[in-house]
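J.: Below is one structure. I have some questions about it.
Just so it is clear, none of the values below were taken in a lab; they were calculated from the coordinates. These figures come from a predicted structure and were not determined experimentally. Every residue, glycine as well, gets a Cβ built from its backbone with ideal geometry; the counts of neighbours run over all protein chains shown.
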Amino acid sequence: MSRIVIVSNRTPGKGPAAGGLAVALRKVLSEREGFWFGWSGKLTDRPSTEARFETIDGLEIAQIDLTRDDHHAYYAGFSNSILWPSFHLRLDLATIESHWYEGYRRVNQQFARALLPLLKPDDVVWVHDYHLIPLASELRQLGARNRIGFYLHIPFPTTDALYAIPHHEELMRDLSRYDLVGMQAKRDVAAFTEFAEHQAPSTFGGHKVQAIDFSRTEVEAFPIGSDPGAFAKLAVSPAATKMVHRMRRVLGEQRLILGVDRLDYSKGLPQRVEAYEKLLAHNSRLRRSVHMLQVAPPSRDSIREYQETSDTLDAICGRVMGHFAEPDWQPLTYVKRAYGQPSLAGLYRMARVGLVTPLRDGMNLVAHEFIGAQDPDDPGVLVLSRFAGAAEIFPEALLVNPFDTDETAEALRMALDMPLDERKERWTALMASAQKHNVDDWAVGFLDHLTQNASAKPSATRDVLYLASSTQPASLPEAMASQTPPAA
Ligand code: ADQ
């Protein structure tokens with residue numbers, strides 16, 4: 001059986017893995033030979049040229065260090081100030097400094113140069129996320145002939161948003177160097193197809209840019225999931241129960257509306273609190289009988305747009321408190337810290353409403369975890385953004401447009417008033433879907449597809465896309481020659 005090499009921006013650290021994804025990928029590597037490759041988290045004066053191997057909690061990990069400047073351009077710059085906002089359709093929040101692309105490309109080259117000597121001919125390489133789109137191109141340019149798959153954890157942008165990204169043609173050409181590209185949702189596959197089928201050979205800077213040949217790349221939706229069984233168990237663990245008791249002491253009979261997110265503008269946090277404000281404004285009977293808890297630890301806080309989102313959220317929470325709080329009743333609590341999974345599971349279980357309203361999200365694992373943690377005899381209600389990938393697999397949630405805070409407020413009211421029978425019926429269907437889309441099957445499904453479909457042809461019965469180019473495929477050196485040469 002071929003070895004599996006997982007590549008991601010960061011490698012997993014010591015101690016219990018934080019999320020279901022890390023657990024699932026660890027499991028893959030414990031069942032198959034292979035290793036995990038990525039950045040060590042260390043910034044050095046000179047970039048490492050060779051990876052260091054380390055065994056962490058039984059996992060083989062190969063790591064490289066990056067220079068401070070490269071890391072800034074690659075991570076905070078091109079990845080998180082250009083690709084992240086553009087892929088989430090927030091061009092208004094993108095900072096386009098096109099020179100960051102050189103650092104992004106350089107880091108991908110550094111990854112490729114350090115990884116290539118570690119690869120055996122039949123290793124299967126699985127690359128994760130938008131930080132590493134060029135990695136297959138860089139590996140192939142160095143001579144790698146391995147099967148290489150890519151999984152995009154965030155949404156794929158519309159064609160217009162894609163055109164706004166500097167060097168987007170090179171990035172799309174980079175995607176065509178993968179054997180398999182996995183996306184979260186069918187809408188992402190559709191957006192990719194829209195670009196791939198309608199791209200016209202264009203001229204740029206006076207020279208002709210050749211249409212990209214996607215005929216060797218398979219693109220398919222592989223919706224990621226969590227481990228709902230594990231969350232069901234965690235939700236009744238001693239640590240979860242302790243959290244529930246702590247909260248119950250404070251809340252009494254008040255019903256809990258819960259939001260759990262990284263503090264990120266894509267998660268729609270200000271709009272969410274505004275919807276709650278409207279709920280209280282329009283339904284005075286609910287005051288004193290509900291409480292909203294928003295857990296949102298800061299992330300990427302060196303980036304200005306993240307600080308601004310944090311300030312906006314502080315202001316809105318302050319406004320709601322100022323307007324509705326009484327000496328003996330607080331309408332909301334906003335906690336800016338991360339919790340361990342058992343405590344989160346306890347919070348999910350005691351919540352009457354899980355409020356998951358990103359403006360756009362690849363999948364959203366909080367929705368999966370909330371469903372997994374519910375009490376089957378008294379389940380809470382999921383209010384879910386229709387713009388999360390999760391909406392495609394959870395139609396039994398109350399689906400809302402998160403930009404329409406009146407609609408979200410009304411969904412909150414419906415959730416709070418929903419009779420037990422309807423809550424059970426909806427939750428039973430949601431749990432079945434969460435189990436069907438569990439993270440273990442996701443990982444195995446992607447890898448099986450990547451390893452077994454080496455020479456497969458598209459089947460009429462599967463939701464698979466192979467894209468044929470209207471032009472002759474360019475040879476690799478030609479294709480690369482049409483790109484801006486990256487800085488050495
Ligand atoms: P994220 O944008 O990070 O992931 P999400 O899918 O919600 O978003 O995953 C968040 C994870 O972090 C969950 O496992 C959650 O439990 C955890 N988490 C969130 N807040 C926490 C807190 N306060 N304390 C502790 N843990 C917390 C990206 C994409 C998503 C996609 C995932 C996986 O943006 O769309 O679903 O990758 O592919």
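J.: List the lysines whose alpha-carbon lies under 17 Å from that of Lys436, not counting same-chain residues fewer than 8 positions away?
T.: Lys186
J.: Now for a different question. Which loop GluC sites (Glu not before Pro) in the range 91-182, with loop taken from DSSP, have no more than 15 other Cβ atoms within 10 angstrom of their Cβ?
T.: Glu97
J.: Also, I was wondering about something else. Take Val244, Val290, Val444 and order them by how many other Cβ atoms sit within 10 Å, fewest up front.
T.: Fewest to most other Cβ atoms nearby, the residues stand as Val444, Val244, Val290.
J.: Take Tyr334, Tyr104 and order them by how many other Cβ atoms sit within 10 Å, fewest up front.
T.: In order of increasing Cβ crowding within 10 Å: Tyr334, Tyr104.
J.: A further question on this structure: Per the helix-only calculation at 222 nm, which mean residue ellipticity applies to the chain, given -39500 (n - 2.57) for every DSSP H run of n ≥ 4 and division by its residues, nearest 500 deg cm²/dmol?
T.: -12000 deg cm²/dmol
J.: Now for a separate question. Relative to the longest principal axis of the C-alpha atoms of the chain, give the angle of the C-alpha long axis of helix 186-198, reported between 0 and 90° and rounded to the nearest 10°.
T.: Between the helix axis and the principal axis of the chain, the angle is about 40 degrees.
J.: Moving to a separate point now. Over the Cα atoms of the chain, what Rg and Dmax result, in angstrom?
T.: Looking at the chain, its Cα Rg and Dmax stand at 23.3, 73 Å.
J.: For the range 322-462, list log₁₀ I(q)/I(0) at each q in 0.10, 0.11, 0.16, 0.20 Å⁻¹, using the Debye formula over Cα point scatterers of equal strength and ignoring solvent, two decimals each.
T.: Debye output, listed in q order: -0.43, -0.51, -0.94, -1.29.
J.: Tell me the angle of helix 20-31 to the major Cα principal axis of the chain, expressed in degrees between 0 and 90 and rounded to the nearest ten.
T.: The answer is roughly 50 degrees.
J.: Same structure, new question: Does the range 336-376 come out rounded, prolate or oblate, given a ≥ b ≥ c as the square roots of the eigenvalues of its C-alpha gyration tensor, rounded meaning a/c under 1.5 and, failing that, prolate meaning a/b above b/c?
T.: It is oblate, given that a/c is not under 1.5 and a/b is not larger than b/c.
J.: OK, next. Longest segment of the chain with no trypsin sites (Lys or Arg not before Pro) in a DSSP loop having at most 10 other Cβ atoms within 10 Å?
T.: So the longest stretch without any such site is 146-336.
J.: When DSSP assigns beta bridges and you keep just the ones with both residues in the range 228-436, what percent turn out antiparallel, to the nearest 5?
T.: Antiparallel bridges: around 5 percent, rounded to the nearest 5.
J.: Using only the Cα atoms of the range 228-436, build the gyration tensor, take square roots of its eigenvalues as a ≥ b ≥ c, and label the shape rounded, prolate or oblate: rounded if a/c is under 1.5, else prolate if a/b is larger than b/c, else oblate.
T.: The shape class here is rounded.
J.: For the range 228-436, with the dipole built from +1 on Lys and Arg beta-carbon atoms and -1 on Asp and Glu ones, taken about the Cα centre, which of Met350, His282, Leu332 lies farthest toward the positive end?
T.: Met350
J.: List the lysines whose Cα lies under 27 Å from the Cα of Lys336, skipping any in the same chain that are fewer than 8 positions away.
T.: Lys14, Lys42, Lys233, Lys242, Lys267, Lys278
J.: Moving on. Distance between Cα centroids, the range 115-184 to the range 337-404: provide it in whole Å.
T.: Using only Cα atoms to place each centre, the spacing works out to 30 Å.
J.: Further, regarding this structure: Can you tell me the orientation of helix 304-324 relative to the chain, as the angle in degrees between its alpha-carbon axis and the longest Cα principal axis, to the nearest 10?
T.: With rounding to tens, the tilt is 10 degrees.
J.: Where both partners of a DSSP beta bridge lie in the chain, what percent of those bridges are antiparallel, to the nearest 5?
T.: Once the DSSP bridges in the chain are tallied, antiparallel ones form about 20 percent.
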